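Asks: Below are the C-alpha cells for one structure; questions will follow.
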Amino acid sequence: MRTLLLLLCLCSHLLAEAPLKTAALLAAGEEPVRIVCIGDSITGVYYHSGGRRAYPEMLQLALQQLYPQAKLSVHNAGISGDTTTGGLKRLERDVLSRKPHLVTIMFGMNDLVGTPVDVFKKNLREMIARCRTGGAEVLLCTQNSVVETPQRPRARLAEFTQAIRDVAKDEALVVADCFAAFESVRSADTSEWDLLLSDTIHPNMAGHKLFAETLAQAITGQTVSLRDIGPPTPALTHTIAKLKAGQPVQVLAMPPYDSLITPALQRLYPAAVVKVSSWPVAGQTLVQMEASARKVRSLKPDLVLVALPAEIPLQDQAQFHHSYSWVMNWSLSFGVQQWDVVVALPSVAKPVLSKEESRHEAFAQRLIKAQDLSMIARSAGDTTPLPEILSTWLAHQQP
C-alpha cells in the first residue's frame with residue numbers, strides 16, 4: 001500500500017517530467033558520479049535513524065538498484081541544528097569542494113523557527129546559484145511533515161514547504177516533495193505515518209527510506225523500493241573490533257542477557273575481558289524504562305543489549321511507539337554510532353507468548369526495523385535454549 005501511495009504522491013507533486021542529467025551519467029556508467037546532500041539533522045547521521053546511515057546513504061542504495069553498473073558516491077553533508085544561513089557559510093567546504101555532479105538541498109525545519117521566509121528563499125537561491133556556478137545540478141527537497149508543537153506549528157512548516165516549491169519553480173528546478181510523500185501516507189493511515197517518525201520531527205529509517213525513494217524518483221523518473229533493505233551487517237563492528245584487539249569491552253544488558261553475554265562472547269574470544277552492567281527492567285512500565293534509558297549515553301558502553309520483557313502492557317499504541325522508540329533512541333549515541341546497540345525480541349527469552357504478547361512483539365519488531373537496528377529473534381517453533389541462540393547469533397556477527 002505504501003508504494004502505491006508514494007507513486008500517487010509523486011505523480012501529483014513532482015515538478016519535473018524528465019530525469020536529471022545526472023541520471024544519464026548514472027546510466028552510462030562511464031565516469032564516477034558524485035552527489036552531495038546538504039541539510040540539517042534530518043539529513044545527517046544521528047540517533048533517530050539508527051546512527052549508521054540516513055537518506056543520503058539510502059539514496060546511494062536506491063540509485064545503485066536502478067543503475068547497477070554506475071560508479072557512484074553519495075556524500076552526507078547534514079549537520080544538526082543547521083539552517084540555510086549555516087549551509088551557505090559551509091557550502092564551499094562541505095559541498096562544492098567535492099566537485100559534485102548533483103547537490104540535493106533539504107533545509108527548513110530549523111529555519112522555520114527563526115528565519116524569515118523571505119531570507120530563507122534568498123538563501124536557497126544563493127545556494128542554487130553557487131552550485132550551478134560550480135557545475136552541479138541542484139535538487140531541492142521538502143522535508144517531512146511533523147507532529148505539531150508550539151515551536152513548529154503545522155501552518156509554519158507548510159509555509160516553508162511552499163517556499164521551497166516556489167523557489168524550485170522560479171529556478172526551473174526539480175523538487176523532491178518529501179513533505180507531500182509523508183502527507184500522502186498520513187491521509188491514508190495516520191498510524192502508518194506515525195511509524196515513519198522516531199520523534200516529533202525526525203524520521204526513523206522507515207521515513208528515510210521514503211525520503212530516498214522520493215529523491216531517486218525525482219532524479220531518475222523511475223520508482224524504486226527500499227522496503228526490504230535490512231540493517232547494516234555485521235551488527236557488532238565496534239565490539240568485535242575491540243575484542244580482536246584484545247581490549248576489554250563494556251556491556252550494558254537487560255536481563256537475562258546480563259548473565260549470558262560474557263560466556264557467549266568468551267566462546268568466540270576465550271581471552272575476552274567483558275565488564276557487564278545490568279539494566280534492570282523487571283516490574284517497570286515502559287515509560288519507566290524510557291526514563292532509565294536516559295543514562296545510557298553518559299555510560300559510553302561498547303555494547304547495549306536491549307531486551308524489553310514480553311509482559312509490558314501495550315496500553316495505547318501511540319504511547320508504546322513513543323516509549324519503545326525512545327528506549328532505543330537513548331541507547332544510541334547522539335550522532336554517528338559510537339557503540340553497538342542490539343535489540344532482542346521477547347520470544348527469544350520466552351518462547352511461548354500469549355496472543356497479546358505476540359501482538360506486542362510484532363509491533364515492536366516493526367519499530368526495531370524502523371530504527372535500523374539489528375535484532376536477535378527466535379524462529380517460530382524453535383526450541384533451542386537461549387544461551388545457544390545468543391552464541392549462534394554472535395558467531396554470525398564475525399566480519
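Asks: Using only the Cα atoms, what convex hull volume per residue in Å³ does the chain have?
Replies: So the per-residue hull volume is 149 Å³.
Asks: Name the residues whose placed amide hydrogens come within less than 5 Å of the amide hydrogen of Val138, ignoring near sequence neighbours (fewer than 5 apart) on the same chain.
Replies: Val103
Asks: Sketch the reach of a paramagnetic label on Thr133 as a point 7 Å from Cα along Cα-to-Cβ, and name the residues of segment 96-111 whose backbone nitrogen lies under 13 Å away.
Replies: Under 13 Å, as judged by backbone N against the label point of Thr133, lie 96 of segment 96-111.
Asks: If you project the alpha carbons of segment 2-220 onto the principal axes, what extent comes out on each, in Å, largest first?
Replies: 48, 36, 33
Asks: Next up: Give the separation of the Cα centroids, segment 80-109 to segment 323-399, in Å.
Replies: About 36 Å separates the Cα centre of segment 80-109 from the one of segment 323-399.
Asks: Separate question: How far, in nm, would the chain grow between Gln69 and Ala318 when pulled straight, counting 0.36 nm per residue and subtracting the alpha carbon separation?
Replies: Using 0.36 nm per residue and subtracting the Cα-Cα distance, I get 85.3 nm.
Asks: Let me ask something additional. What FRET efficiency do you get for Phe334 and Ile229 if R0 is 25 Å and r is their Cβ-Cβ distance, rounded to the nearest 0.05?
Replies: 0.55
Asks: Hey, another quick one. Reported to two decimal places, what Rg/Rh ratio describes segment 282-399 when computed on Cα atoms with Rh from the Kirkwood expression?
Replies: 0.95
Asks: Read phi for every residue in segment 358-366 and hand back ³J(HN,Hα) as whole Hz from Karplus 6.51 cos²θ - 1.76 cosθ + 1.60, θ = phi - 60°, with x for Gly and Pro.
Replies: So the Karplus estimates, Gly and Pro as x, are 5, 5, 4, 5, 4, 5, 4, 4, 5 Hz.
Asks: Using only alpha carbon pairs under 8 Å that are at least six residues apart, calculate the relative contact order of segment 237-395 and give it in whole percent.
Replies: Computed value for segment 237-395: 24 percent relative contact order.
Asks: Taking segment 145-190, which GluC sites (Glu not before Pro) meet the DSSP loop condition and have no more than 16 other C-beta atoms within 10 Å?
Replies: Loop-located and lightly packed - Glu148, Glu171.
Asks: Taking amide H positions as placed in the peptide plane 1.01 Å from N, state which residues far from Ala344 in sequence (5 or more) or on other chains have amide H under 5 Å from it.
Replies: So Ala344 has HN proximity to Val306, Ala307, Leu308, Ile376.
Asks: Spelling out what I want: for every residue of segment 268-284, take phi, set θ = phi - 60°, compute 6.51 cos²θ - 1.76 cosθ + 1.60 (Karplus), and round to whole Hz; glycine and proline get x.
Replies: 8, 10, x, 8, 4, 9, 10, 10, 10, 10, 7, 10, x, 9, 4, x, 8
Asks: Taking θ as phi - 60°, what are the ³J(HN,Hα) couplings along segment 140-150 by the Karplus curve (6.51, -1.76, 1.60), each to the nearest whole Hz, with x for Gly and Pro?
Replies: Residue by residue, segment 140-150 yields 7, 10, 7, 8, 6, 6, 10, 6, 5, 9, x Hz.
Asks: Quick one: helix 117-133 against the long Cα principal axis of the chain, what's the angle to the nearest 10°, folded into 0 to 90?
Replies: Rounded to the nearest ten degrees, it is 80.
Asks: Highest first, please rank the peptides 207-217, 67-77 by the mean number of other Cβ atoms sitting within 10 Å of their residues.
Replies: Highest to lowest by the protection proxy: 207-217, 67-77.
Asks: Would you please give the residues with an amide H less than 5 Å from that of His75, counting only those at least 5 places away or on a separate chain, with H modeled from the backbone geometry?
Replies: Close amide H contacts, sequence-distant or interchain: Ile35, Val36, Cys37.
Bear in mind that the values in this text are calculations on the coordinates, not laboratory data. Everything quoted here is computed from the prediction, not taken from an experiment. Note that we place each Cβ from the backbone using ideal geometry, even for glycine, and neighbour counts take in every protein chain shown.
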